[in-house]
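The values are calculated or read from the model by the stated rules, or taken from the named source; none is laboratory data. Just so we're clear, the structure is a prediction, and the values are computed from it rather than from any experiment. For neighbour counting, all protein chains shown are included, and Cβ atoms are generated from backbone atoms with ideal geometry for every residue, glycine included.
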């Protein structure tokens, strides 16, 4: 038994069994999931249908001797430029010397199994402790650790890695996990788990670094075969990171671009499931016209436009899901990928077809809108596939543009 300070309690880490725990830098994520829920943080305020706040100091600094007071103020949590911003501040509040925020989906959204991911960038500094994690939905009745806890991502101080852990009950607290491979947390990365009846696997940008065996409730892991809710927070101080010092930067901001949950074999509630390997036509909601390769061209660099739905191969696209959950769209007409010209990131950058390269300019996150349509967000630029000027005529150019929720950025997928 090894005593360490870590996580949300003073943990007694019991090394019970081999949990498939070696770093696994060559393993990549499963591509067989469909998006079932997401928060893209593109509104003007935090969505109360998805998130609630935990406030105050908790019991004993949330069980970890943390030093912050969690608030529900905009100073500590808000939507800003398409991100959830959680901001830790050095200020006197509620008898504490720091403030921050802690959000949860408890009672609103909960999940069992699937891929759970968030795209996050974080501050570094002594005493800072941002996290993306889950708790069992029955925590109010069974308590912790019988509820189970999955730490998808935790980062402390200025370390050049993150951590992934699980916590559960085996006649007392048990834990398993450890550090990731090297990563610059001050840049955006996708932190995720793949959670199945057999295992929990941890990934950064689709690259696996750890795995825990939970098959058949091995070693009393029944906590991981029930619904969990999600949490995002940034603690200040506590048993694991220790206290801030004079060099710790305040205010310290954690940016969350999105949170997404995918599940195997679950169809989005629209015109049918988006199937990796399926062929579709994409009809723009604003114009009623199809995503089209201009003049059925076959050369790399051929322009992409909208055109009256005519059923030709120039309007047929085969979708393949990438390891990171995004999709590439391959033109049936020419075998080229839907591509942002020059890997551009500016509003108005043209969309074309180009040789399939697998880069971010050819990766698209397909996100369901409330009306059942979809938006396609380019991974490289974080901007939406858009009909120029909300045009409705044949030949109107297709481009990328800041996500604004307009009909020009909404697409219906029709399976062929």
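At-a-glance table
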item	result
Residue that is modelled with pLDDT under 95 and either in the same structural domain as residue 68 (by TED's automatic domain parsing) or touching a strand residue (DSSP E or B) at 6+ places or on another chain (Cβ under 7 Å) (or both), where the choices are 112, 146, 121	112
Residue satisfying all of: in the range 119-144; assigned to a loop (DSSP other than H, G, I, E, B) and under 25 Å from the mean Cα position of the chain (by Cα); surrounded by the most Cβ atoms within 10 Å (Cβ to Cβ) among these	122
Hey, residue 366 under 28 Å from residue 260 (Cα atoms), at pLDDT 95 or above and crowded, with 16+ Cβ neighbours inside 10 Å or not	no
Strands (runs of 3 or more DSSP E) enclosed by the range 277-335 - at least 2 residues per element that are over 20 Å from residue 399 (Cα atoms) and outside the structural domain of residue 119 (by TED's automatic domain parsing)	317-321
Residues of the range 73-89 satisfying the condition of being assigned to a strand (DSSP E or B) and in contact with a strand residue (DSSP E or B) (Cβ under 6 Å, 6 or more places away or on another chain)	77, 78, 83, 84, 85, 86, 87, 88, 89
Only one of 185, 190 that is assigned by TED's automatic domain parsing to the domain that holds residue 135, closer than 16 Å to residue 117 by Cβ, surrounded by 16 or more Cβ atoms within 10 Å (Cβ to Cβ) and out of contact with any strand residue (DSSP E or B) (no Cβ under 6 Å at 6 or more places or on another chain)	185
Any hit, the range 237-251, residues being in the same structural domain as residue 143 (by TED's automatic domain parsing), surrounded by 15 or more Cβ atoms within 10 Å (Cβ to Cβ) and assigned to a strand (DSSP E or B)	no
Tally of residues being in contact with a helix residue (DSSP H, G or I) (Cβ under 7 Å, 6 or more places away or on another chain) and more than 27 Å from residue 207 (Cα to Cα) across the range 314-347	3
Test: residue 229 is under 23 Å from the mean Cα position of the chain (by Cα), closer than 26 Å to residue 364 by Cβ, modelled with pLDDT of 95 or more and assigned to a strand (DSSP E or B)	no
Test: residue 222 is in contact (Cβ under 8 Å) with a residue 60 or more places away in the chain and over 30 Å from residue 75 (Cβ atoms)	no
In the range 374-396, the residues that are closer than 20 Å to residue 328 by Cα and in contact with a helix residue (DSSP H, G or I) (Cβ under 6 Å, 6 or more places away or on another chain)	375, 379, 380, 384, 386, 387
Evaluation of residue 361 against (1) within 21 Å of residue 37 (Cβ to Cβ); (2) buried (at least 19 other Cβ atoms within 10 Å of the Cβ) (one fails), failing number	(1)
Residues satisfying the stated conditions in the range 402-416, i.e. surrounded by fewer than 21 Cβ atoms within 10 Å (Cβ to Cβ) and more than 17 Å from residue 36 (Cα to Cα)	402, 403, 404, 405, 406, 407, 414, 415, 416
Residues (more than 23 Å from the chain's Cα centre (by Cα) and at pLDDT 95 or above) located in the range 35-63	55, 56, 57
Qualifying strands (runs of 3 or more DSSP E) (wholly inside the range 155-225; at least 1 residues being closer than 19 Å to residue 255 by Cβ and either at pLDDT 95 or above or out of contact with any helix residue (DSSP H, G or I) (no Cβ under 7 Å at 6 or more places or on another chain) (or both))	189-195, 199-204
Within the range 370-401, tally of residues that are surrounded by fewer than 16 Cβ atoms within 10 Å (Cβ to Cβ) and assigned to a loop (DSSP other than H, G, I, E, B)	7
